[in-house]
1. Restricting attention to the stretch 27-77, which chymotrypsin sites (Phe, Trp or Tyr not before Pro) occupy a DSSP loop and are surrounded by at most 11 other Cβ atoms within 10 Å?
2. Counting other C-beta atoms within 10 Å, and keeping those with at most 12, which DSSP coil trypsin sites (Lys or Arg not before Pro) do you find in the stretch 28-64?
3. Any idea how far the Cα center of the stretch 138-180 sits from the one of the stretch 1-61, in Å?
4. Say each of ILE158 and SER5 gets a label point 7 Å from the Cα, pointing the same way as Cα to Cβ; how far apart are those two points in nm?
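Values in this text are rule-based calculations from the coordinates and carry no lab data. Note that this is a predicted model, so its numbers are computed, not measured. Reconstructed Cβ throughout: ideal geometry from the backbone, glycine too, with neighbour counts over all protein chains shown.
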Amino acid sequence: MYGASDKDLVHQLQRGDLDALGALYDRHHQRVYRTALGITNDPEAAADLLQDVFLRVYRFARRIDPDRPLEPWLYRVTANLAYTWLKRRKRWYRYLVEVGEWLARELGPGPQRQLELDEEAAKTRKAVAALPVSQRMVVVLYYLNDLSIEEIAGILDIPEGTVKSRLYYARSTLKKRLLLQDDRLPQVNYELS
């Protein structure tokens with residue numbers, strides 16, 4: 001069963017096979033959790049959202065089109081549930097605990113380098129957490145889940161141009177917050193000859 005495709009597992013789930021739900025959970029739970037955590041910055045909320053997503057997979061199994069990829073549907077449900085959670089809890093600007101670690105991680109850093117990485121991670125979390133939720137969701141899907149602009153547009157049900165725009169403004173904001181805070185940036189003067 002675990003070697004079956006998502007399409008086969010959805011068909012089995014639609015026939016009431018709960019083992020198929022378990023196989024889908026085992027296959028996709030890490031992506032769903034990581035996405036929920038990246039958006040909510042709350043491990044407990046992410047765990048709850050993970051369960052909610054797979055309850056919806058079970059509850060709406062008959063509505064899932066097995067001929068279409070399941071991952072975009074899972075990302076859309078996760079993003080929507082996380083957005084609703086944020087709106088209810090009004091936690092639009094809390095730190096993203098894991099984002100900086102995922103973006104700044106190196107293999108086997110020494111103590112001094114680890115301290116620098118921790119500081120960079122904290123700056124990154126703070127900068128990403130300060131983004132508007134619409135930009136934060138696009139950043140999480142693009143950078144943490146490595147999704148294409150087209151996939152994100154499909155998941156969030158917005159035009160590709162909107163995804164590009166949100167990424168552009170998010171990058172711009174992050175660049176200002178992360179690079180311009182660094183006093184070590186050199187001044188560059190160009191002379192005309």
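1. PHE60
2. Working: sites: ARG31, ARG34, ARG56, ARG59, ARG62, ARG63; in loops: none.
Those that pass, being in a loop and sparsely packed, number zero.
3. Here the answer is 24 Å between Cα centres.
4. Inter-label distance under the simple model: 3.2 nm.
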